[in-house]
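S.K.: Quick one: structure below, then a few questions.
The values are calculated or read from the model by the stated rules, or taken from the named source; none is laboratory data. Remember, it's a predicted structure, so these values are computed and weren't measured experimentally. Counting neighbours? That spans all protein chains shown, and the Cβs are built from the backbone with ideal geometry, glycine included.
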Amino acid sequence: LVGRIPDGLGLNSALWVLDLSSNNLTGSIPLHLCKNSNLILLNVGSNKLTGNIPPGIISCAPLVQLRLSRNNFTGSFPSEMCKLANLSTIELSQNDFSGPIPREVGKCSKLQRLLLSYNHFTSTLPAELGNLAKLVAFNVSSNSLVGPIPPQIFQCRLLQRLDFSRNSFVGTLHDEIGTLAQLELLKLSDNRLSGKIPAVLGNLSHLTDLQMGGNLFSGEIPPELGRLSSLQIALNLSYNNLSGEIPEELGNLKLLRAGISCFAGNKGLCGGSLGVCSNIESPISLPQYTGRRTFLLGKVIAIVCAVIGGVSLFFIGVILYLMRRPVEIFAPLQ
């Protein structure tokens, strides 16, 4: 489909579901789609629509799913939208939304999917995200978010997909993340997160994709990561400040047999696929010589031994000569 969505759509009909996704529609969302308060699903994803989210949608009480991804929408995240008691899905990815994510988002008590990637959202993440007890998927990748990742979000125990990548998050990763027993995807890449990699990540038995590259994580890789037997898509610890030897336990992960790219860019890291650690010294360090150097060393030793032997024989001969000479006896003078 091409062209604009008719402005009168919804005025004279009771729309329950409107799915116009994956077309070439232009213009804005009509104002009256929820005129009769029946609309439960609006999907206009993958079009070329512009403008703000109209007030009629923000106040559409029965709305359950709002899918606006992959368009050119602008404006801010409407805080009033979180008054919609039935809303379970908000998909705003790949648009031009901007401004902060409002604290009111924590009032969307039935929200299961909150996808906000590839926009221009700024400021810090609100701690009220921790109130979303039914949240399954949360994606804020490729925005301009700053500050620490609020530990409250790890109270959302049903989370399966969590993507914070390509922002400017700082600080450490809290141990509470180890309580997300259902987590399958965790992306933290390309931020400025620091501190040690939490050993509790080894508790995430359902994790298939773990990406932590391009940060400032330091210290040793916890051997507990070797328990992540479900990793099938990716393990990326590259370009951090990690040091020490790669734990032997990581050898249990079939995923790592493909190469060393998941550890690249950590100058202090060694062992495993990166080769033997050079800082591990043997108890006695002896110089090693091979080839021409061995030959020259042998000649020098032979010459020195010959000189010492010759000198020794000379002195022995002198001593024997002196011992065999007759001893002259002189009579005492009268």
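S.K.: Hey, does the range 248-262 have a residue that's in a loop (DSSP other than H, G, I, E, B) and either at pLDDT 90 or above or aromatic (F, W, Y) (or both)?
M.R.: No, every residue in the range 248-262 fails to be in a loop (DSSP other than H, G, I, E, B) and either at pLDDT 90 or above or aromatic (F, W, Y) (or both).
S.K.: When you scan the range 299-319, do you find a residue that is surrounded by 10 or more Cβ atoms within 10 Å (Cβ to Cβ) and either under 18 Å from the mean Cα position of the chain (by Cα) or at pLDDT 85 or above (or both), even just one?
M.R.: no
S.K.: Is there any pair linking a residue in the range 102-131 that is basic (K, R) to one that is surrounded by 20 or more Cβ atoms within 10 Å (Cβ to Cβ) and assigned to a helix (DSSP H, G or I), with Cβ under 8 Å and at least six apart or on different chains, and which?
M.R.: These pairs meet every condition: K107/C82.
S.K.: Still on this structure: Looking at the range 37-67, which of its residues are of a type in the set (A, V, I, L, M, F, W, C), more than 15 Å from K110 (Cα to Cα), assigned to a loop (DSSP other than H, G, I, E, B) and out of contact with any Phe, Trp or Tyr (no Cβ under 9 Å at 6 or more places or on another chain)?
M.R.: Correct list: V44, C60.
S.K.: Select from the range 17-36 the residues that are in a loop (DSSP other than H, G, I, E, B) and at pLDDT 95 or above and list them in ascending order.
M.R.: L20, S21, S22, N23, G27, S28, I29
S.K.: If R192 satisfies all but one of (1) of a type in the set (K, R); (2) touching a helix residue (DSSP H, G or I) at 6+ places or on another chain (Cβ under 9 Å); (3) farther than 23 Å from S109 by Cβ, what's the number of the condition it fails?
M.R.: (2)
S.K.: Against the condition in contact (Cβ under 8 Å) with a residue 24 or more places away in the chain and under 21 Å from N139 (Cα atoms), how does N23 come out, does it pass?
M.R.: No, not satisfied.
S.K.: With respect to K83, is the statement that it is of a type in the set (K, R), out of contact with any Asp or Glu (no Cβ under 6 Å at 6 or more places or on another chain) and at pLDDT below 95 true?
M.R.: yes
S.K.: Could I ask something else about it? What residue, of R113, R157, R103, is touching a strand residue (DSSP E or B) at 6+ places or on another chain (Cβ under 8 Å) and of a type in the set (K, R)?
M.R.: Result of the check over R113, R157, R103: R113.
S.K.: Which fully enclosed strands (runs of 3 or more DSSP E) of the range 107-210 have 2 or more residues being in contact with a Leu (Cβ under 9 Å, 6 or more places away or on another chain) and crowded, with 20+ Cβ neighbours inside 10 Å?
M.R.: Per the criteria, 113-115, 137-139, 161-163, 185-187.
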